[in-house]
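Engineer: Questions regarding the structure given below will be posed in turn.
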Amino acid sequence: MLKRLSIMLAALAIMALAAVGGILGSAPQASAATVSDRVAAGLQQMREEEKLARDVYLVFDEQYGDQLATFGNIARSEDQHTLAVKRLLTRYRVTDPVKTDVPGVFRDPELQKLYDELVAQGSASLKDAIEVGIAIEKLDISDLKTLRAQTSRAAIKRVYTNLTNGSYNHLAAFNRALVTYGG
């Protein structure tokens, strides 16, 4: 419990610093630029989807972190992913679906259901948790590729590309863990 609290407090500190232009650079300025409803919905989806990954990995880090550091490491990375999408939401004046960042709580009922199912599935064993990580990263890669193709905005494409590359790295880490711990 203390480990999870420490990670959550660190994430909140990072978000606070970002809000005042601290370690993540200046807070994005609101732009007169807008995006289509379709692109806006995609940004909102990715904000919650990256949060889902982070929140699931935080649960598994609490359960299995003494056996496998991968969940905690990737949860920190996913936190950065959620912040990158949040900056795009601000830039393009899109409503942020994560009004208050409560771990395990989602506005989208389908993501809420998915979160609950994934946590239950991965809580059965370390192998199951690693397999959940693989499934999450494959979902992220697929969705990011689809959403990237739906926009012409260079800033959004760049963030989606970076998130896709991160997801490939996470997928590789989970695949290595599966070989080591999957039995």
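Bear in mind these aren't lab numbers, they're just calculated from the coordinates by the rules spelled out. What you are looking at is a predicted structure, and each value in this text was computed from that prediction instead of being measured.
Engineer: Multiply the residue separation of Asn169 and Ala33 by 0.36 nm, subtract the distance between their alpha-carbon atoms, and state the gained length in nm to one decimal.
Structural biologist: Details: separation 136, 0.36 × 136 = 48.96 nm, distance 3.19 nm.
The Asn169-Ala33 span can extend by a further 45.8 nm.
Engineer: For segment 27-183, what class follows from the C-alpha gyration tensor (a ≥ b ≥ c being the square roots of its eigenvalues): rounded when a/c is under 1.5, otherwise prolate if a/b is larger than b/c, else oblate? Don't jump to the answer; show the numbers that get you there.
Structural biologist: On the way: a/c = 2.24, a/b = 1.83, b/c = 1.23.
Prolate.
Engineer: Next question, about the same structure. Please work out the C-alpha center-to-center distance from segment 68-99 to segment 137-164 and express it in whole Å.
Structural biologist: 14
Engineer: Right, something else. Classify segment 60-104: rounded, prolate or oblate, from the alpha-carbon gyration tensor (a ≥ b ≥ c, eigenvalue square roots; a/c under 1.5 rounded; otherwise prolate if a/b is larger than b/c)? Display every interim value, and only then the final one.
Structural biologist: On the way: a/c = 6.49, a/b = 2.42, b/c = 2.68.
Since a/c reaches 1.5 but b/c is at least a/b, the shape of segment 60-104 is classed as oblate.
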